[in-house]
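Derivation of every value follows stated rules applied to the coordinates shown; laboratory data play no part. None of these values were measured; they are calculated from a predicted model. When we count neighbours, we look across all protein chains shown, and the Cβ atoms used for this are built from the backbone with ideal geometry, even at glycine.
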Amino acid sequence: MTQPKAQTGAPLPIKTQPDTQTVIAVRHWTDTLFSFRCSRPRSLRFRSGEFVMLGLADETGKPLLRAYSIASPAWDDALEFYSIKVPDGPLTSRLQHIQPGDQIILRPKPVGTLVLDALLPGKRLWMLATGTGIAPFASLIRDPETYEKFDSVILMHTCRQVAELAYGRDLVENLQNDPLIGEMVAGKLRYYPTTTREDSPLMGRVTDNLVSGKVFADLGLDGPLTRERDRAMICGSLAFNIDVKAILEGWGLREGGNSEPLEFVVEKAFVGEGI
Ligand code: FAD
Ligand code: A2P
């Protein structure tokens, strides 16, 4: 590209504008969790399940960006994100206060492995999440392609407390009545929300419910997962991802990725302290 020239002949500096988007709506689910919608850059094409870098300018005007899974499906005109509020977190201590009309920075370069393309064809798709790890699945369960590719989709989401399940629960309930995708979802999407530190109808860690066979019994499904029939996507803390991966590998499933689609894919929901 030719740089524009000033009349003196000296090259003008090219101004790099940050990619700003406008916040449309914000919803607080708990003291530590919120979701928001913002405008979508015209240029942004993404595959459901991918993440982007977003954030705010710091005190010096420099962008302070963090990875965020896009929680809305690829067909949506706007973008949705589901976020933690880390009390002293450089970004989220401020991001949690955004209001409709505010500007955020969003780099429109989506990436990630929790995409349908990174899995071989199969019958059942398992989405295994803890905490904000449900965000990429919030996108994928709203994408018609998910239901075109799989006969059944099982979303297992585990949090410590009941209130932390609200975003996912609300999403699944609304999906059943959605004019665009409700019919497709009916009978195909199975939702298995559990808590570990507060009583609720379904309890226990994803790992324990898989290994004990409780989830298969509760949903009336054949277990365990098999290489021929099942595909899985994992998104939680590093410890969660490692433990689930070991269980799936024990059942003969192999970790794949964009360059080599196999039976399951893994992504960290966040990078923990000291890791
Ligand atoms: P940071 O300095 O980034 O984090 C401080 C500490 O808070 C971390 O060390 C960790 O212990 C804890 N923490 C950070 N994020 C989380 C979390 N999500 N859940 C539990 N504990 C956490 N975060 C989201 O809220 N929603 C998303 O959709 C999301 N997608 C991500 C996708 C990828 C691929 C990765 C790597 C991270 C993702 N994160 C997501 C985490 C996000 O990038 C930031 O870490 C988070 O927004 C906190 O930013 P911060 O600057 O306030 O604190
Ligand atoms: P638990 O309450 O038994 O630790 P966290 O907030 O620590 O990230 O945990 C979110 C949820 O994930 C909690 O319900 C927690 O269960 C569960 N969890 C944490 N680590 C693992 C793991 N290694 N395997 C399975 N579940 C986990």
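Quick notes
- Spread of Cα-to-Cα distances over 5 Å intervals beginning at zero, given as percent, for region 19-111: 3, 14, 26, 28, 19, 8, 2, 0
- Taken over region 116-266, lysine pairs spaced eight or more positions apart, or on distinct chains, with alpha carbons under 20 Å apart number 6.
- Taking the DSSP bridge list for the chain and keeping only pairs wholly inside it, about 50 percent are antiparallel.
- Cα gyration tensor category, rounded, prolate or oblate, for region 153-197 with a/c compared to 1.5: oblate
- Gained length - H28 relative to A163, 0.36 nm times residue gap less alpha-carbon distance: 47.5 nm
- Here is the size of region 116-266 from its Cα atoms: Rg then Dmax, 14.4, 42 Å.
- Degrees between helix 238-250 axis and first principal axis of the chain (Cα, 0 to 90, nearest 10): 40 degrees
- The value given for the chain is a Kirkwood hydrodynamic radius of 19.8 Å, derived from the mean inverse Cα-Cα separation.
- Against the main long axis of the alpha-carbon atoms of the chain, helix 166-176 sits at an angle near 80°.
- Within-15-Å neighbourhood charge of E164 [Cβ basis; K, R +1; D, E -1]: +2
- Simple spin-label estimate for S93 and D218 in nanometres, 7 Å along Cα-Cβ: 3.7 nm
- Taking a sphere under 14 Å around the Cβ of N241 and counting the other residues whose Cβ falls inside, with K and R at +1 and D and E at -1, yields a net charge of -1.
- Convex hull volume per residue for region 94-188, taking Cα atoms only, in Å³: 147 Å³
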